[in-house]
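So the structure is just underneath, and the comments pick up after that.
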Amino acid sequence: MKTINTCGHRHYSPLIPAIIALCEAQKGDSLKIIMDDAAAFNDLKEYLAEQQIGFREIYDGEQMTVQFTK
C-alpha cells in the first residue's frame, strides 16, 4: 500500500499530491492518503465517489485518512 501524507502542506492544495498519486497508480494498487485539511478531504471523497472508486474513511483527531484500491 502506497501512503501519501499531505499533512502540513500549506503552500499548495493537498489535493495535488493526492491526485498525482491516484493518476500514477496502476489498476489494483492500494493507496492511503492522509490529510489534515477537511475541505480537501471532502473534495477527494467526492472525486472518488464520482469515479465509482470505493473507499474507507478513517478519522484520528485532526488527521483524516482515505484508503482505496484503484
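Just so it is clear, none of the values below were taken in a lab; they were calculated from the coordinates. Just so you know, these numbers come straight off a predicted model, no measurement behind them. Ideal geometry is used to build each Cβ from the backbone, glycine not excepted, and the neighbour counts take in all protein chains shown.
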Hey, among 31, 48, which residue is surrounded by 15 or more Cβ atoms within 10 Å (Cβ to Cβ), assigned to a helix (DSSP H, G or I) and among the aliphatic types (A, V, I, L, M)? 48
Those residues of segment 1-52 which are among the aromatic types (Phe, Trp, Tyr) and over 13 Å from residue 65 (Cβ atoms), in sequence order: 12, 47
Are there any pairs with C-beta distances below 9 angstrom linking a residue in segment 56-70 that is in contact (Cβ under 8 Å) with a residue 60 or more places away in the chain and under 13 Å from residue 44 (Cβ atoms) to a residue that is hydrophobic (A, V, I, L, M, F, W, C) and in a strand (DSSP E or B), with the two at least 6 apart or on different chains, and if so which? 67/31; 67/33; 67/55; 67/58
Take the residues in segment 2-18 that are surrounded by fewer than 15 Cβ atoms within 10 Å (Cβ to Cβ) and at negative phi; name whichever of them is farthest from the chain's Cα centre (by Cα). 11
In segment 1-28, what residues are in a strand (DSSP E or B) and closer than 13 Å to residue 44 by Cβ? 4
